[in-house]
Amino acid sequence: MSLFLYKYFLPTRVECGNGLSNKTGEMIKELGVTRVLIITDKGVRSANLLEGIEKSLFAVNIDYEIYDEVEPNPSAETIHRGTEYLKHHKSEAVLAIGGGSSIDSAKGIAVMATNPGDILDYEGVGNLTNPSLPIIAIPTTAGTGSEVTASTIVTDKHSLFKAAVISPYLFPTLAILDPTLTLHLPQDITASTGMDALTHAIESYTSKTSNLVSQALAIYAVKIIGENLMKAYFVGTDIESREKMLVSSMIAGAAFSQSRLGNVHAISHTFGGVFDIPHGIANAALLPFVMEFNLPACPEKFKDIAIALGQDVTGLSSLEAAKKAIGTVIEMNRAMNIPLNIKELGVSLDLLPKLVEDSMRSGNVLINPRITKANDIKSIIENAYHGNFEGNINKVVDFSYKI
């Protein structure tokens, strides 16, 4: 908990409801926009998730074009091409429909429409000089929370580094949460994005720069994810669990938009840049190993997380209670067939020096709850590669699917 002055700033208007995406046109009309560029990927488009949204735009005479070239780890080139496409069609706003990659791409395109140079010129915090075009975000996965954050992650294909651009200008103007868009997500996407949201909540809660507001949001997100992810995974079509996962993902995003994250994201962004591993699955596999590393620095917070995940810690020391949080994460991964080591994701230790160097370049290392040096990152990656824990972490949890 911060002992210093802090502020909370979330300018994004959030609308939530089943079928609400069918009213997208009406809400965009309220912004005074008449021409939008829809930014998405080919998978979302082929799944017909745009149909109701396109009809709503047509109904209120909003002209639109579609840019569907977004890839899982969007590159600076993708954002450049999208920006040129936007300028050619004279679009006044961007409408992101999809997962975190589509929303991050839309943010990059919206801000590069009003700022000179290349998106990679603005790596870091607060380097953008001009406000972006309006950004409207409609997530189709319950994971990234990018619809309410001030950051975008961009891959530099030349250096294989995923750069973070962070600025208040990247907050979306409007986020539309429609749980019906997530009903038919494949199990593996439900799992990886759900664990991505959990990672956001846990890293936000334990971040050195967390505060009372962000912590309240983060620990509540942990609780709701713990209660609903298994049902969303095993049942799939349960609209209540889908809604709660979508909202909890947004809440976790609202938390880390203020506190930022930690070592999981420092390393997982590196894996995405070098090996093109999807972000959510990298986070999920890394999370228990980083939690074990951080355990000595914040056992009381991990105890809170264990309780939020439904564990009975009566009579346990803070340290033993905290281990239950890590054990629960391991069991959640196991239940959803997420690899219990990063070797299965395609990580190679042949590139370990680059992985360490790029991870240490992340600002998330500086706010990780435990002081972290290059050798620590090396050890975390090696342990995660071999699936090794220093203690019997995976033996201390009483886990149930809670469906």
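Read-outs: derived from the displayed coordinates by stated rules, not from any lab. Keep in mind that this is a model prediction, so the values were computed, not measured. When we count neighbours, we look across all protein chains shown, and the Cβ atoms used for this are built from the backbone with ideal geometry, even at glycine.
Quick notes on this structure:
- For Lys244, the aspartates and glutamates whose Cα falls under 19 Å of its own Cα, not counting residues fewer than eight places away in the same chain, are Glu15, Glu147, Asp178, Asp188, Asp196, Glu227.
- A straight chain from Glu26 to Ala335 at 0.36 nm per residue would run longer than the Cα-Cα distance by 107.1 nm.
- Cα gyration tensor, the stretch 187-395 - rounded (a/c under 1.5), prolate or oblate: rounded
- Legend: residue pairs Lys208/Lys301; Lys223/Lys303; Lys7/Lys323; Lys7/Lys223; Lys301/Lys323, Cα-Cα distance threshold 22 Å; pairs beyond threshold, Lys7/Lys323; Lys7/Lys223.
- Global form of the stretch 144-303, assessed from the alpha-carbon gyration tensor, a/c cut-off 1.5: rounded
- The stretch 53-126 shape via C-alpha gyration tensor axes, a/c threshold 1.5: prolate
- Ranked packing of 221-228, 150-157, most packed first, by mean Cβ within 10 Å: 221-228, 150-157
- For the chain, the share of DSSP beta bridges that are antiparallel, to the nearest 5, is 25%.
- Protection-proxy order for peptides 79-88, 122-131, each taking the mean of Cβ atoms within 10 Å per residue, highest first: 79-88, 122-131
- With each label modelled as a point 7 angstrom along the Cα→C-beta vector, the Val125-Leu212 pair spans 2.2 nm.
- Cβ-Cβ FRET estimate between Asp188 and Glu65, R0 fixed at 41 Å, reported to 0.05: 0.85
- Quarter of Cα convex hull surface for the chain, i.e. mean projection, nm²: 17.9 nm²
- Think of the stretch 75-148 as having a plus end and a minus end, set by charges on the Cβ of Lys, Arg, Asp and Glu; of Ala76, Leu128, Ser102, Ser102 sits farthest toward the positive end of this dipole.
- Remark: spin-label model distance Lys90-Ser46 equals 3.5 nm, labels positioned 7 Å along the Cα→Cβ axis.
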